[in-house]
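See structure below.
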Amino acid sequence: MDVTSALSEKGIGVRDGNMYSPRLLRRLGLAIETGAVRASLVHYNTVSEIKLFADRIEEIASKV
């Protein structure tokens with residue numbers, strides 16, 4: 001499942017790729033081609049936004 005696309009369909013913006021760290025991804029045993037997903041949660045996100053993000057991640061994870 002493409003996590004980035006699934007979150008985008010729910011209105012949540014994240015980034016994917018190798019995050020300029022292909023050696024780290026290789027060391028962690030992650031696929032270099034697809035990379036990792038990065039969510040940039042910071043101090044100006046509301047608690048409800050963070051909860052929505054967590055709920056969507058749980059929803060996606062339950063389908064795997």
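Identify the residue in region 13-51 that is of a type in the set (A, V, I, L, M) and out of contact with any Leu (no Cβ under 9 Å at 6 or more places or on another chain) and, among all such residues, is modelled with the highest pLDDT.
Pass one, region 13-51, residues of a type in the set (A, V, I, L, M): 14, 19, 24-25, 28, 30-32, 36-37, 39, 41-42, 47, 50.
Now restrict to residues that are out of contact with any Leu (no Cβ under 9 Å at 6 or more places or on another chain): 25, 28, 41-42, 47.
Working: 25: 90, 28: 90, 41: 89, 42: 90, 47: 95.
Per the stated criteria, the residue is 47.
Taking only region 1-51 into account, find how many residues are more than 13 Å from the chain's Cα centre (by Cα) and in contact (Cβ under 8 Å) with a residue 12 or more places away in the chain.
Residues that pass the stated criteria total 1.
Which one of these does residue 20 not meet: (1) on the phi > 0 side of the Ramachandran plot; (2) surrounded by 10 or more Cβ atoms within 10 Å (Cβ to Cβ)?
With respect to (1) on the phi > 0 side of the Ramachandran plot; (2) surrounded by 10 or more Cβ atoms within 10 Å (Cβ to Cβ), residue 20 is out only on (2).
Only one of 33, 49 is part of a helix (DSSP H, G or I) and among the acidic types (Asp, Glu). Can you tell me which? Walk me through it before giving the result.
On the way: 33 fails: part of a helix (DSSP H, G or I).
Step by step, each of 33, 49 is checked, and only 49 is part of a helix (DSSP H, G or I) and among the acidic types (Asp, Glu).
Tell me which residues, restricted to region 52-64, are at pLDDT below 90 and not hydrophobic (A, V, I, L, M, F, W, C). Talk me through it step by step, then tell me what you get.
Taking region 52-64 and keeping what is at pLDDT below 90, we get 63-64.
Within region 52-64, 63 is the sole residue that qualifies.
The values are calculated or read from the model by the stated rules, or taken from the named source; none is laboratory data. Just so it is clear, the structure is predicted and the values come from calculations on it, not from any experiment. Don't worry about glycine lacking a Cβ; one is built from the backbone with ideal geometry, like all the others, and counts go over all protein chains shown.
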